[in-house]
Structures are given as structure tokens and as C-alpha cells.
Amino acid sequence: MTLRKLGITGATGLLGGRFLRLWTTENPDVQVRCLARHVAGHLEHPGVEWMSGDLMNEADCAEFVEGLDAVAHFAQSNSPAISDRHWPSDLVANISPALNLLEALRKRRGDSACHFVFASSGGAVYGRAPADGVAFRETDHCQPLNPYGIQKLAVENYLRTACEQGWLRATVLRISNAYGALLAAERRQGLIGVAMARVLAGQAVKVFGSLETVRDYVHVDDVARAFGKGLGIPGEGENYRVFNISAGRGHSVAEVLELIGGATGREVRLEQSDFGKAAIGLLPRVVLANGKAREELGWEPEIGLEEGVWRMMRHSE
């Protein structure tokens with residue numbers, strides 16, 4: 001099936017926004033429809049239809065999916081650090097929108113199965129890493145340690161069930177720690193973006209846990225390319241696919257802060273914080289193997305961590 005019309009949720013966010021710009025540049029013949037609560041200031045993309053609506057509204061979801069061949073779903077309203085504050089409201093705010101979208105696709109009449117590409121979290125769904133430090137693979141058992149990871153895994157399972165029932169095709173991209181833009185200095189997620197913003201503002205960087213904590217950092221431009229690859233039509237018998245999207249190697253918090261200090265030319269002052277420590281789970285090491293994405297999607301990361309940090313610095317000037 002030829003991809004003629006693509007729907008995007010979360011296109012006003014960091015990941016969705018980068019993907020939208022890349023996709024519309026490389027695929028000008030594909031119609032794009034974006035759903036957002038607030039569309040003002042996001043109408044500059046040529047050939048993009050912006051729809052004002054809410055994924056919590058079933059009628060909006062039904063209108064949004066009409067005629068779509070594929071959906072790239074980025075929308076998310078929480079993070080690991082805050083997902084533990086109130087379980088019931090957090091679940092409703094993050095799983096219900098995805099289920100409303102899926103229900104709208106299930107109820108479409110006369111349309112072929114839509115291809116649903118989902119931004120999952122490789123840093124949250126797997127849980128505790130093996131003692132030997134081996135990188136997580138897509139076949140590893142998932143045992144998330146916080147509500148954020150539980151919700152991502154739950155949506156994955158709904159997608160798998162929909163594929164087994166025959167009315168959907170799905171590609172799940174388990175993204176490691178994405179970075180690539182300055183973030184609000186008071187945010188609780190996004191070490192690189194938040195730390196650089198604080199350093200440039202002359203503020204101390206708040207550190208959660210140990211400076212030796214290791215994470216796998218992948219640039220948002222590489223993530224955007226992965227979504228483009230993921231939207232390729234699955235082959236016969238591949239209605240449900242899962243891929244890790246990652247750099248494939250880990251860096252400690254200390255290494256990251258050293259790179260930020262070098263790029264900014266400023267002292268990196270530290271402030272210890274325990275906010276959200278219990279909720280996040282703060283595993284000492286989370287690294288994702290990306291061999292499957294390399295082999296089956298033809299994707300690989302192109303932007304190393306040092307280059308990515310320097311790019312952020314240049315863009316901030």
C-alpha cells in the first residue's frame with residue numbers, strides 16, 4: 001500500500017516537531033495532518049493540515065484518522081520523574097488518548113489497516129539490566145519500574161493485540177534517551193538539554209543519583225530519521241514490529257557534564273537532588289542494542305554525543 005496521507009500526534013513537541021520538519025522536506029508528495037490542542041504558531045509548514053482537537057475527545061479522534069494510511073504517535077503528557085505522583089490521573093491522561101485513537105481506527109469503515117508507528121521508551125519498558133551489563137535487546141523480558149514505563153508497555157500490548165485481530169499494522173520504536181535541544185531549566189527530564197540550559201544561565205546543574213549513572217543518548221535528528229524508516233510498509237507476516245532506537249553505547253552523567261562544560265566553555269556547578277528518585281528507579285546503567293534496527297530498517301545513528309552537544313551549543317548562540 002502506498003503511503004499517501006500521514007497523521008502525526010505530538011507534532012508540537014521536540015521529537016514530533018523534528019520528525020515533521022524532516023518528513024515534509026523529504027516527502028513533499030505525502031499529505032500530512034497534525035492533531036494538536038493549540039495550533040497557533042505551528043502553521044508555517046507547507047502542505048500540512050493542522051487540526052485543532054484533543055485525543056481525549058472521541059469525535060476529534062474519529063475526524064483525525066479519517067482517510068489516513070499511517071499514524072506517527074508521539075503525544076505524551078508525562079515523564080518518568082512525575083509519573084508516580086498520582087497513578088489514576090496519570091494513567092487516564094496517557095493511556096486513554098492512545099486508546100481513543102486506536103478505537104477510532106478500529107471503527108473506520110471500508111479502509112485498509114492503518115500503519116501505526118509508536119514512540120515507546122527503551123529507557124523505561126525493560127526494567128533492571130542484566131548484572132553483566134549487556135545491552136537490552138527487543139526480545140528481552142520487560143518489567144518496567146515506574147508508571148511511565150508501565151503505560152508505554154501497555155500501549156505496546158494494545159497495538160500487538162490490534163495487529164493479531166487483523167485491523168492494524170504497528171511498528172514500535174523503543175527510544176533511548178533522546179536529546180538535541182535546550183530545555184526549560186526547571187524540567188525534571190532530559191539531562192543534556194536541561195543541564196546545558198542551566199549552565200548557560202549560570203545556574204547549578206541538579207543531579208539525580210550518581211554521576212556514574214550510565215544512559216544511552218540518541219540525537220533527535222537520528223530519532224526523526226528512524227521514524228521515517230519505521231513508516232516503511234512492513235513485509236508479509238510482519239504486522240507487528242519492535243525496534244530499539246539508540247546510540248548503542250552508554251555515557252555516564254560525569255562524561256555528559258564534561259562535554260557540556262567543554263562546549264559551553266563554562267564551569268559546570270553541581271547540586272544534588274533526590275526529586276523523583278524512587279519513581280524513576282534510577283538504574284545504574286541502561287543501554288539499548290540497535291542491531292535489529294540496523295539490519296531490518298536500514299537505520300543507524302549518525303550523530304555522536306560530542307557532535308550532538310556541540311550542535312546544541314551552536315544553535316543556542
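The numbers here are math on the coordinates, done by the rules we state, and not lab data. Only a predicted model underlies this, so the values are computations on that prediction, with no experimental measurement involved. Here Cβ is always computed from backbone atoms with ideal geometry, including for glycine, and neighbour counts include all displayed protein chains.
Points worth noting:
- Highest-fluctuation residue, PRO97, PRO147, PRO28 considered, GNM on the chain with Cα pairs under 10 Å: PRO28
- Angle of helix 191-200 to the longest C-alpha principal axis of the chain, folded into 0 to 90 degrees and rounded to 10: 50°.
- Here the gap between GLU317 and ARG128, fully extended at 0.36 nm per residue and compared with their Cα-Cα distance, gives a gain of 64.1 nm.
- In units of the compact-protein estimate 2.2 N^0.38 Å, the range 162-201 shows a Cα radius of gyration of 1.93.
- Most simply put, the chain has about 5% antiparallel DSSP beta bridges, counting only bridges with both residues inside it.
- Compared with the dominant Cα axis of the chain, that is its longest principal axis, helix 147-165 is turned about 30°.
- Taking the Cα centre of the chain as origin and assigning +1 to Lys and Arg Cβ atoms and -1 to Asp and Glu Cβ atoms, the resulting dipole is close to 300 debye.
- Gap separating the Cα centres of the range 286-315 and the range 8-41, nearest whole Å: 21 Å
- Among LYS107, LYS229, LYS292, the largest mean-square fluctuation in a Gaussian network model of the chain, built with springs joining Cα atoms closer than 10 Å, belongs to LYS107.
- Taking every lysine pair in the chain that is 8 or more places apart or spans two chains, those with Cα atoms closer than 26 Å amount to 9.
- Summarised as an ellipsoid, the chain has semi-axes of 32, 22, 19 Å, derived from the eigenvalues of the Cα gyration tensor scaled by 5 and square-rooted, with the largest first.
- Calculated mean residue ellipticity, 222 nm, the chain: -11000 deg cm²/dmol, from DSSP H runs (n ≥ 4) at -39500 (n - 2.57) each, averaged per residue and rounded to 500.
- Reciprocal mean inverse distance between Cα atoms of the range 194-317 - Kirkwood radius, Å: 16.4 Å
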